[in-house]
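Accompanying notes for the structure given below.
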Amino acid sequence: MSKAVLDALKSKFGDAILETSSKNTDESVTVAVDKLIEVCTFLRDDEKMAFDSPVFLTCIDRLGLPVMEHRFELAVQLRSFTKRHRIRVKVPMEEGKLKVPTLSGLWAGFNWLERETYDMYGVEFEGHPDLRRIYLYDEFKGHPLRKDFPKDLRFPLARREWADE
Amino acid sequence: MGLEITTTKLEDLANWGRKFSFFTYPFITACCGMEFMSVAAPKYDIARFGAEFPRFSPRQSDLMMVVGTITEKQAPALKRVYDQLAEPKYVIAFGVCASTGGFYQNYSVVPGIDQIIPVDVYIPGCPPRPEQVLDGIILLQKKVGEGRTVNQMRARREAMKDKQRQSEGV
Amino acid sequence: MSELKTLILGRKNVDDPDDTGGMPNDLMTVNMGPSHPAMHGTIRIELTIDGERVVEADINPGYLHRGFEKESEAATYTQVFPYTDRLNYVSPMINNVGWAMAVEKLMGIDELPPRLQYIRVMVSEISRITDHLTCVGASAMELGAFAPFLFLVKVREWLYELLEELSGARLTHSYVRVGGVAKDLSPKFCAKITDILDRMEPVLDEAKGLLNSNKIFYDRMAGVGSFTEDDAIAYGLSGPCLRACGVDYDVRKDFPYLNYGDLEFDVPVGTSGDCLDRYLVRLEEMRQSSLILRQCIAQIPEGPVMVDDPRCVMPEKGETYNTIEGMIRHFKHIVDGIRVEPGEAYTFVEGGNGELGFFIVADGTGRPWKAYCRAPSFSNLQTVTKTISGRLISDIVPIFGMINMIGGECDK
């Protein structure tokens with residue numbers, strides 16, 4: 001069903017669509033960072049697309065995989081209540097500049113999801129109204145879900161003084 | 001000598017009273033809270049042990065049950081609530097996450113609340129069965145009755161030190 | 001009367017907002033949580049209030065962030081099941097099923113034995129009932145109605161005992177496996193569940209009677225926290241909260257998984273999206289779940305409860321002990337985990353709070369490269385910022401209760 005979406009995107013944007021795939025019944029499309037807003041606006045506003053609702057937004061860190069073209073990749077899942085179809089938009093990102101335009105202006109629900117991705121991966125969403133940590137605290141250094149972050153590195157806020165026991 | 005015996009006996013009487021009237025402050029954070037509900041609900045009925053009345057203000061309670069995982073972000077709040085509890089205060093680490101961090105050994109979870117506050121009774125289990133919780137409460141009752149909880153022991157130590165200081169001073 | 005209103009609603013006169021009644025004009029900042037009796041789940045809200053009215057609310061989740069994703073990356077696919085149990089700990093079976101389905105999708109296992117599908121549907125529905133029972137019971141208690149809480153928790157206790165008999169644990173079952181379930185239904189399971197459902201329905205009626213005709217409960221729920229259909233969709237709301245807004249969307253109906261397509265049930269839909277609608281939707285869903293369970297009991301066929309696929313099924317004990325191949329397979333299965341083809345997949349099921357999804361990126365080894373959980377509570381909670389601004393402080397309690405924010409799932 002979502003094949004039509006992929007075809008429409010390809011015919012509309014041409015070279016801006018880097019890749020499409022429909023493996024495992026999940027349709028996904030890869031676009032360049034600078035075309036993201038344009039593609040997403042089309043997906044939301046076009047009558048045949050009508051992706052009116054956000055599902056999730058996260059980032060994939062491929063550090064250490066044998067095949068690693070881009071270390072980070074943003075994955076955005078959208079759904080449409082009227083057309084009952086879904087699509088995943090993926091955006092490759094270079095390691096040095098983890099900057100993506102915010103999608104919270106298009107779908108209000110991405111506000112917190114972008115904050116989560118910022119917190120966990122350090123992806124900066126340009127134009128986000130309130131980009132700060134959501135799960136962790138300001139004293140925390142680093143972004144824990146990056147592959148180079150050690151699993152048990154802690155930044156304690158409170159510890160007991162054992163001396164007086 | 002006579003005075004000491006009287007004070008110990010008085011302390012015993014107070015401890016006997018304390019152990020059957022815990023005022024619980026449930027510091028509920030996670031899954032174990034579901035089992036805490038079950039413990040409080042009719043079937044397991046914590047009221048049989050005199051600890052049925054959860055007070056949601058730390059100033060009105062003496063037993064803090066830390067129910068669930070404590071994260072690093074939560075730790076200052078836990079410490080603060082503990083400091084506000086009325087003396088003598090007791091702490092139960094409810095479930096394995098509160099006791100040791102359980103199978104969450106990562107950047108965000110405190111490896112056991114005893115890193116932050118002293119604990120009297122650890123209840124293992126993920127989450128512990130209600131029977132286990134009741135067992136933990138009975139254990140704490142025993143400890144309180146004998147005056148062996150961390151807080152009571154510290155109070156006794158301090159009293160002894162004071163006394164020593166006084167006698168040395170005189 | 002107007003004096004009383006002024007007193008209750010804060011310093012401002014309701015009829016004349018400019019009249020401050022001689023009180024200072026400043027806004028006040030109040031901190032609520034993270035350990036607050038009226039919030040199930042730990043959360044902190046920084047409220048900016050004008051008298052008793054909330055002007056702005058900054059909601060801070062994350063007090064139960066336990067690193068589900070980081071832990072999953074270090075665990076094999078089978079070892080992730082206990083972690084999924086503790087995501088939405090009120091309905092652990094649904095999480096188990098969701099995770100299993102995601103891994104199966106990656107492995108290309110499409111055909112599940114019919115008995116397995118029925119078992120998965122049954123345990124999911126039992127979990128859905130326990131979820132809604134807890135949500136309604138706890139919210140009622142927070143609004144001062146203690147008796148319904150005791151009634152509903154009593155029913156939950158029956159269901160927990162049944163699930164304990166089935167899986168060995170009261171709350172964190174880890175019953176489902178990739179490609180099947182850990183073991184077949186316990187003896188007389190179907191008879192016992194029928195008995196429990198028979199006893200449950202009168203209790204639900206009783207609780208409903210106590211709550212629906214309770215003026216305090218009704219007044220605190222009706223019209224509070226309402227949400228429009230468009231907003232709900234743009235915020236990515238799902239589950240009972242979305243259906244209460246009037247959107248007819250249920251993953252079980254719209255994207256049927258397992259054998260939900262063959263079962264008959266209705267999806268209750270509300271009109272205004274306020275707390276009362278959310279409560280009524282949940283109440284009706286429990287009834288529908290019970291209907292589904294009864295159909296399953298009548299229809300469940302005999303047969304295997306695991307797929308016949310050596311990639312994910314452990315060898316028989318006899319084979320493990322007596323043949324070298326069986327031994328090696330067993331060893332590899334435990335130490336390396338189930339091998340999954342490289343790729344990525346997203347599956348979603350109807351969880352207690354809405355669309356619960358798992359997005360897995362596999363790298364070809366036995367451990368997930370990335371395991372992301374699409375937590376319905378998180379998206380639902382986001383709307384609270386909008387719904388509580390402009391309301392009274394006391395309205396926060398029913399709004400939170402009916403969003404049913406579950407810490408483990410929301411904060412992961």
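The values are calculated or read from the model by the stated rules, or taken from the named source; none is laboratory data. Please read these numbers as outputs of a predicted model, since none were measured by experiment. Glycine also receives a Cβ, built like all others from the backbone with ideal geometry; neighbour counts cover every protein chain displayed. Only protein heavy atoms, including side chains, enter the accessible area calculation; ligands, DNA and RNA are left aside. Shrake-Rupley method; radii C 1.70, N 1.55, O 1.52, S 1.80 Å.
Tell me the carbon and sulfur percent of the accessible area for region C:297-406, rounded to whole percent, probe radius 1.4 Å.
59
Considering only DSSP states other than H, G, I, E and B, which GluC sites (Glu not before Pro) in region A:1-58 qualify as loop sites with at most 12 other Cβ atoms within 10 Å?
A:GLU47
What percent do you get for the relative contact order of chain B when only Cα pairs under 8 Å and 6+ apart count?
23
Quick one: check the C-alpha center-to-center distance for region C:82-136 versus region A:19-52, whole angstrom.
Cα centres, region C:82-136 to region A:19-52: 30 Å.
Determine the gain in length on full extension of the stretch C:SER389-C:LEU291; use 0.36 nm per residue of separation and subtract their C-alpha separation, reporting nm with one decimal.
31.4 nm
State, as an integer percentage, the relative contact order of chain A based on alpha-carbon contacts under 8 Å between residues 6 or more apart.
17 percent.
Per residue of A:147-153, what is the mean number of Cβ atoms on other protein chains within 10 angstrom of that residue's Cβ?
Per-residue shielding by partner chains comes out at 4.
Counting only other chains, and only Cβ atoms inside 10 Å, what mean value do you get across the residues of A:130-138?
That average works out to 5.
Aspartates and glutamates within cross-link reach of A:LYS48: Cα-Cα under 13 Å, excluding same-chain residues under 8 positions apart?
Leaving aside aspartates and glutamates fewer than 8 places away in the same chain, those within reach of A:LYS48 are A:ASP7.
Net charge around B:ALA30, counting only other residues with Cβ within less than 9 Å of its Cβ (Lys, Arg = +1; Asp, Glu = -1)?
+2
Helix-only estimate, please: 222 nm mean residue ellipticity of chain B, summing -39500 (n - 2.57) across DSSP H runs of length 4 or more and dividing by its residues, to the nearest 500.
-15000 deg cm²/dmol
Any of A:LYS97/C:LYS412; A:LYS151/C:LYS370; A:LYS141/C:LYS412; C:LYS154/C:LYS208; A:LYS90/C:LYS105; A:LYS97/C:LYS386 with alpha carbons more than 22 Å apart? Name them for me.
A:LYS97/C:LYS412; A:LYS97/C:LYS386
Can you give the accessible area per residue of region A:3-164, in Å², using a 1.4 Å probe?
Accessible surface, normalised per residue, equals 44 Å².
Take peptides C:257-266, C:229-238 and line them up by average Cβ neighbours within 10 Å, highest first, as a rough protection proxy.
C:229-238, C:257-266
Take peptide C:382-393, look around each residue's Cβ out to 10 angstrom, count Cβ atoms belonging to other protein chains, and average those counts.
That average works out to 1.
Buried accessible area for the C:A pair, summed, 1.4 Å probe, in Å² rounded to 100?
That pair of chains buries around 3800 Å² in total.
Could you list which residues have their amide H under 5 Å from that of B:VAL91, counting only those 5 or more apart in sequence or on another chain, with H placed in the peptide plane?
B:MET64, B:ASP120, B:VAL121
So which lysines can C:LYS253 reach, going by Cα to Cα under 16 Å and dropping same-chain residues fewer than 8 places off?
Within the straight-line cut-off, C:LYS253 pairs with A:LYS83.
With each pseudo-label sitting 7 Å past Cα toward Cβ, what's the C:ASP266-B:LYS9 distance in nm, one decimal?
Rounded to a tenth, the inter-label distance reads 7.3 nm.
Counting only protein heavy atoms, probe 1.4 Å: which residues of region C:345-361 lose 50 Å² or more of accessible surface in the full assembly compared with their chain by itself?
Output list: C:TYR346, C:PHE359.
Of the accessible area of region B:2-169, with the probe set at 1.4 angstrom, what percent is carbon plus sulfur?
59
Leaving ligands, DNA and RNA out of it, report the carbon-plus-sulfur percent of the accessible area of chain A at a 1.4 Å probe.
It is 48 percent, rounded to a whole number.
Quick one: Cα centre-to-centre distance for region B:121-137 and region A:89-165, in angstrom?
Centre-to-centre (Cα) distance: 36 Å.
In region C:211-241, what residues drop by 20 Å² or more in accessible surface going from the chain by itself to the full protein assembly, probe 1.4 Å?
C:ILE233, C:ALA234, C:TYR235, C:GLY236
Counting protein heavy atoms only and a 1.4 angstrom probe, how many square angstrom of accessible surface do chains C and B bury in total, to the nearest 100?
By this definition, chains C and B bury close to 2900 Å².
Averaged per residue, what accessible surface does chain C expose to a 1.4 Å probe, in Å²?
Result: 35 Å² of accessible area for each residue.
Straight distance only, please: which aspartates and glutamates reach the Cα of A:LYS10 with their own Cα at less than 19 Å, same-chain residues fewer than 8 apart left out?
A:GLU19, A:ASP26, A:GLU27, A:ASP34, A:GLU38, A:ASP45, A:ASP46, A:GLU47
First select every other residue whose beta carbon is under 13 angstrom from the beta carbon of C:ASP254; then total the charges, Lys and Arg +1, Asp and Glu -1.
+3
Taking only Cα atoms and a 10 Å spring cutoff, compute GNM fluctuations for chain A and point out the largest among A:LEU106, A:LEU63, A:LEU36.
A:LEU63
Select from region B:39-68 those chymotrypsin sites (Phe, Trp or Tyr not before Pro) which occupy a DSSP coil region and have at most 15 other Cβ atoms within 10 Å, ordered by residue number.
Those that pass, being in a loop and sparsely packed, are B:PHE56.
What is the distance in Å between the Cα centres of region B:147-170 and region C:193-233?
Going from one Cα centre to the other spans 56 Å.
Take the cross-link list A:LYS147/C:LYS183; B:LYS89/B:LYS143; A:LYS3/C:LYS70 and give me the ones stretching past 24 Å between alpha-carbons.
From A:LYS147/C:LYS183; B:LYS89/B:LYS143; A:LYS3/C:LYS70, over 24 Å: A:LYS147/C:LYS183; A:LYS3/C:LYS70.
Looking at region A:1-95, which trypsin sites (Lys or Arg not before Pro) are in a loop (DSSP not H, G, I, E or B) and have at most 14 other Cβ atoms within 10 Å?
The qualifying sites are A:LYS48, A:ARG84.
How far is helix C:275-299 tilted, in degrees, relative to the longest principal axis of the Cα atoms in chain C, given as a value from 0 to 90 rounded to the nearest 10?
Helix C:275-299 sits at roughly 20 degrees to that axis.
Hey, in the GNM for chain A with a 10 angstrom Cα cutoff, which one of A:ASP61, A:ASP148, A:ASP119 fluctuates hardest?
A:ASP148
Please list 3J(HN,Hα) in residue order for region B:104-115, calculated via the Karplus relation 6.51 cos²θ - 1.76 cosθ + 1.60 where θ = phi - 60°; whole Hz, with x for glycine and proline.
With the stated coefficients, region B:104-115 comes to 9, 10, 9, 4, 10, 9, 6, x, x, 6, 5, 6 Hz.
Report relative contact order for chain C in percent, whole number only (criteria: Cα-Cα under 8 Å, sequence separation at least 6).
Computed over chain C, the figure is 25 percent.
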